[in-house]
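Written out below as structure tokens is the structure these notes cover.
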Amino acid sequence: MRRLFPVTDETATRPGDTPPAHAQAPGRGPADGRPGGDFADREWSLQELAAAYTYPEPGPGREPWLRANMVSTLDGAAQHEGRSQPISGTADMRIFGTLRGLADVVLVGAETVRQEGYRPARARAAFAGLREAAGQGPAPAIAVVSASLDLDFSWPLFTSPMVPTLVLTGAAAAPDRVAEAERAGARVVIAGDGMGVDPGRAVRALADLGMTRLLSEGGPRLLGQLVSAGVLDELCLTLSPMLTAGDAQRIAGGPTVAVPRRFQLVSLLEEEGFLFSRYRRT
């Protein structure tokens, strides 16, 4: 893993190159003071990744911060044959686990739950101290966004999580499906007046439950809704060094926004051709 941002002639070293003298100084970090600023390739510890991806300090009243984590191929595919795993890699999965380890709750669309076979988030010893210091439980909750509640509530995601799974739906959701979700052990949260879920209301509802470090893992339809609603604060995007062609979805779908939303690059990492970017809205 190498830190490439800001990208300069010094950071863009090639295999076998000698890092600049200031990068080799004992105990010396990158210019921005963050850990893991080595120019040479090496495996970062989970603690270094956690420091690089830490959430911003909460503002007055503990304002929620919503980040999304997505992966895309060079030609814009967010999936291959309906799943993101084939275009991912080892380092991408380490960052995936790190982002989960820092989050209060993982927001995910119902279709992604079905396609990816979602299971409950698990406690990880490597993040136990960080989570305890941040006042978090041992593992993040999973929050499934679903208008129809067309979900199999016998799955372990609902019946045996460490933290009860949340189901975000609209006020007009079928009462029998709501009752089935609750019987399975899920906590149903109303976040919309009709059948659908209002993204802004969903973010506020989670914050009201004390969940202010929010992580969305997609899919594209949910991310598109978050972008359109203007509630996405940060995008962690992995660019996979693969080409798939075909007609796979992009990372975000749905209606086009009236004015493109501008985000600012705040960090860029590289490992084995994968680029791990982090953008915040301006």
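Within region 50-86, the set of residues being open to solvent by less than 10 Å² (accessible area, probe 1.4 Å) and over 16 Å from the mean Cα position of the chain (by Cα) comprises THR73, ALA77.
Evaluating SER216 against the criteria (1) open to solvent by 30 Å² or more (accessible area, probe 1.4 Å); (2) in contact (Cβ under 8 Å) with a residue 60 or more places away in the chain; (3) out of contact with any Ser or Thr (no Cβ under 6 Å at 6 or more places or on another chain) leaves one unmet condition, (1).
When residues of region 25-55 are filtered for being assigned to a loop (DSSP other than H, G, I, E, B) and either at pLDDT 90 or above or charged (D, E, K, R) (or both), how many remain?
Count: 10.
With respect to the conditions (1) on the phi < 0 side of the Ramachandran plot; (2) touching a helix residue (DSSP H, G or I) at 6+ places or on another chain (Cβ under 7 Å); (3) not hydroxyl-bearing (Ser, Thr, Tyr), TRP65 lacks only one, and its number is (2). Open to solvent by 10 Å² or more (accessible area, probe 1.4 Å), out of contact with any Leu (no Cβ under 9 Å at 6 or more places or on another chain) and on the phi > 0 side of the Ramachandran plot: does that describe GLY129? No, not satisfied.
Pairs only if they're at least six apart or on different chains, beta carbon under 7 angstrom, first in region 184-211 and touching a residue at least 24 places away in the same chain (Cβ under 8 Å) and β-branched (Val, Ile, Thr), second open to solvent by less than 20 Å² (accessible area, probe 1.4 Å) and part of a loop (DSSP other than H, G, I, E, B); list them, first residue then second. Matching pairs, first to second residue: VAL197/GLY170; VAL197/ALA191.
In region 257-282, the residue that is least open to solvent (accessible area, probe 1.4 Å) out of those that are more than 19 Å from the chain's Cα centre (by Cα) and small (Gly, Ala, Ser) is GLY273.
I'd like to check something: does region 144-155 contain any residue that is of a type in the set (Ser, Thr, Tyr) and under 30 Å from LEU4 (Cβ atoms)? Scanning region 144-155 turns up no residue that is of a type in the set (Ser, Thr, Tyr) and under 30 Å from LEU4 (Cβ atoms). Residue-level analysis places VAL203 among those that are open to solvent by less than 50 Å² (accessible area, probe 1.4 Å), among the β-branched types (Val, Ile, Thr), at pLDDT 95 or above and at negative phi. Going by what's in this entry, would THR165 be described as of a type in the set (Ser, Thr, Tyr) and open to solvent by 10 Å² or more (accessible area, probe 1.4 Å)? When the stated conditions are applied, THR165 does not pass them.
If you filter region 219-257 down to residues that are charged (D, E, K, R) and in contact (Cβ under 8 Å) with a residue 12 or more places away in the chain, you find that the one that is farthest from ALA191 (Cα to Cα) is ARG250. Selection of region 87-98 for residues being among the aliphatic types (A, V, I, L, M) and open to solvent by 50 Å² or more (accessible area, probe 1.4 Å) yields only MET93. With GLY117, GLY82 as the choices, which residue is without any contact (Cβ under 8 Å) to a residue 24 or more places away in the chain and either under 21 Å from GLN249 (Cβ atoms) or not hydrophobic (A, V, I, L, M, F, W, C) (or both)? Answer to the check: GLY117.
Collect the residues in region 153-162 that are in a loop (DSSP other than H, G, I, E, B) and open to solvent by less than 40 Å² (accessible area, probe 1.4 Å), keeping them in residue-number order.
Correct list: PHE153, PRO161.
The values are calculated or read from the model by the stated rules, or taken from the named source; none is laboratory data. Remember, predicted model here, so these are calculated numbers, not experimental data. In this analysis, Cβ positions are derived from the backbone assuming ideal geometry, glycine residues included, and neighbour counts consider all displayed protein chains. Ligands, DNA and RNA are excluded from the accessible area calculation, which covers all protein heavy atoms including side chains. Shrake-Rupley method; radii C 1.70, N 1.55, O 1.52, S 1.80 Å.
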